[in-house]
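What follows is a set of notes on a single structure, which appears directly below.
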Amino acid sequence: MMERKFVGWERPFLGLAVDWLWSRREEMARMLVVVPTAQSGRRMRMALAERGACLAPKVVTPGFFLRTADERVAPDALELVAWVEVLERVEDWELYQAAFPKAPGVGEAPGWSLGLAKSLRGVRGALQENAMTLAGAARRMEGTVEAERWQALASLEGHVEKLLGRWGRTSRSKALAQGGWQVPDGFESVVLAGVADAPPAVVRVLRGLQVPVVSLVGAPEEECAAFDEIGRPVADVWNARVMPWPDGEGGSVAVAADPRQQAQEAVRLAARIGTPSDRLALGTA
């Protein structure tokens, strides 16, 4: 069950979210609160501590839902060993020519397989955000110019999964693709606090949870149509809006190459305008 709570945007989101949580402090110990980053989690815990004594909620980032409690899931080091063994056992690289036009290991120094294994494991790690394996990606790529390449990689992945199976393990990629993630015991609800974006795999997990999921949205209730069911901004709605810039200095736009230049430009403009610091607001994405 998913529910949105619109907490407004008249103040910074942290204070609004903490207000909402504090009003339910008797329930907080049984909440799993999801925040965008580890730093935002630290700030939330500090803000709650400043309110007074309480049993704080467990605060996590979206990556928490990409883990699994399945004891059969192989640690990264073991999966890497499996990749190395599979690569070194390949006798006919022509079977994988679509992915490797030049046979790996030929004329290379011993240990060549470790670098390739890390690269392939990295590709699988990237796909985990979509709860997808190489085989799943290959099915998606059928009918494209990259189809044979992905099929070759999926074939290697199959050998890795079989090897892990003989060791009594499974891969994290496979476990995530199969789904079935559940909230750990002791938590009765999940609260999304300012999570404006999340990997597709995390969204799928949230939609399938058997406990209430509440998304705190930093906007007023009248903006409900501009956010989806888990509180993410709906791109089509926001892209169609035109922001009325004021004329003159208050409406100027300066293009910056990076955060450092952006900061320098902000200092320059603030100094030129001469607004007292207690009357000046700065915001950045």
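The values are calculated or read from the model by the stated rules, or taken from the named source; none is laboratory data. For clarity, every value in this text was computed on a predicted model and none was experimentally measured. Cβ placement follows ideal geometry from the backbone for every residue including glycine, while neighbour counts extend to all protein chains displayed. Surface areas here come from the heavy atoms of the whole protein model, side chains and all, with no ligands, DNA or RNA. Shrake-Rupley method; radii C 1.70, N 1.55, O 1.52, S 1.80 Å.
Taking K and R as +1 and D and E as -1, what net charge do the other residues with C-beta under 12 Å from the C-beta of VAL81 add up to? Walk me through the intermediate numbers first.
Details: positive: LYS118, ARG121, ARG169; negative: ASP76, GLU79, GLU85, GLU88.
Surrounding charge for VAL81 is -1.
VAL73's amide H: which non-local residues (gap 5+, or another chain) put their own amide H closer than 5 Å, with H modeled 1.01 Å from N in plane and none for Pro or chain starts?
THR170
Would you work out the charge dipole size for region 142-239 about its Cα centre, treating the Cβ of every Lys and Arg as +1 and the Cβ of every Asp and Glu as -1, and quote it to the nearest 20 debye? All intermediate terms of the calculation are to be shown ahead of the outcome.
On the way: 9 positive and 14 negative charges, 167 e Å.
In debye, rounded to 20, region 142-239 gives about 800.
So, for the chain, what is the accessible surface per residue at a probe of 1.4 Å, expressed in square angstrom? The partial results should precede the final answer.
Details: 17280 Å² over 285 residues.
Here the residues of the chain average 61 Å² of exposed surface.
Could you tell me what a quarter of the Cα convex hull surface of region 1-130 works out to, in nm² with one decimal place?
Its average projected convex-hull area is 13.3 nm².
Could you calculate the FRET efficiency of THR144 with THR68 from 1/(1 + (r/R0)^6), where r is the beta carbon distance between them and R0 is 25 Å, rounded to 0.05?
Numbers: r = 30 Å, r/R0 = 1.22.
In this case the efficiency is close to 0.25.
How many nm is it between the label spots at ASP228 and LEU78, if each spot is 7 Å from the Cα in line with the beta carbon?
Roughly 3.4 nm, to one decimal.
May I ask you to derive the relative contact order of the chain, considering only C-alpha pairs under 8 Å and at least 6 residues apart, and to give it as an integer percent? Don't jump to the answer; show the numbers that get you there.
Details: 326 pairs, mean separation 81.1, N = 285.
After rounding, I find 28 percent.
Please list, in chain and number order, the residues 5+ apart from THR61 or on another chain whose amide H is under 5 Å from its amide H, with Hs placed from the backbone.
Those lying under 5 Å, H to H, from THR61 are VAL35.
Can you compute the charge dipole magnitude of the chain about its Cα centre, using +1 on each Lys and Arg Cβ and -1 on each Asp and Glu Cβ, nothing else charged? Give it in debye, rounded to the nearest 20.
Details: 34 positive and 36 negative charges, 130 e Å.
Once rounded to the nearest 20, the dipole reads 620 debye.
Cα axis of helix 13-22 to longest principal axis of the chain: angle in degrees, 0 to 90, nearest 10?
90 degrees
Would you work out if region 206-285 is rounded, prolate or oblate? Take a ≥ b ≥ c from the square roots of the eigenvalues of the alpha-carbon gyration tensor; rounded if a/c is under 1.5, else prolate when a/b is larger than b/c, oblate otherwise. Working shown, then result.
On the way: a/c = 2.54, a/b = 2.20, b/c = 1.16.
Prolate.
Return the carbon/sulfur percentage of the accessible area of region 172-215, one whole number, probe 1.4 Å, all protein chains in place.
Details: 960 of 1980 Å².
Carbon plus sulfur share of accessible area: 49 percent.
Which whole-Hz couplings ³J(HN,Hα) result when phi for each residue of region 149-162 is put into the Karplus expression 6.51 cos²θ - 1.76 cosθ + 1.60, θ = phi - 60°, listed in order with x for Gly and Pro?
Going residue by residue, I get 4, 5, 5, 5, 5, 5, 5, 4, 4, x, 5, 5, 5, 5 Hz, with x marking Gly and Pro.
What are the ³J(HN,Hα) couplings of region 215-221, residue after residue, when phi is run through the Karplus curve with 6.51, -1.76, 1.60 and θ = phi - 60°? Round to Hz, x for glycine and proline.
Running phi through 6.51 cos²θ - 1.76 cosθ + 1.60 with θ = phi - 60° gives 10, 8, 10, x, 6, x, 4 Hz.
Compute, for VAL84, the solvent-accessible surface of its heavy atoms (probe 1.4 Å) with the complete set of protein chains present, and express it in square angstrom to the nearest 10.
30 Å²
With +1 on the Cβ of every Lys and Arg and -1 on the Cβ of every Asp and Glu, and nothing else charged, how large is the dipole of region 140-186 about its Cα centre, in debye rounded to the nearest 20? Working shown, then result.
Numbers: 7 positive and 6 negative charges, 45 e Å.
My answer is approximately 220 debye.
List every residue whose amide H lies under 5 Å from the amide H of ARG4, counting only residues 5 or more places away in sequence or on a different chain, with H placed 1.01 Å from N in the peptide plane.
SER215
At 7 Å along Cα-to-Cβ for each site, give me the label-to-label distance between ALA263 and SER155 in nm.
Inter-label distance under the simple model: 5.2 nm.
Only one of the listed values, (i) 1.68; (ii) 1.01; (iii) 1.07, was derived from the coordinates as Rg/Rh (Cα atoms, Kirkwood Rh); which label is it?
Correct label, based on the coordinates given: (iii).
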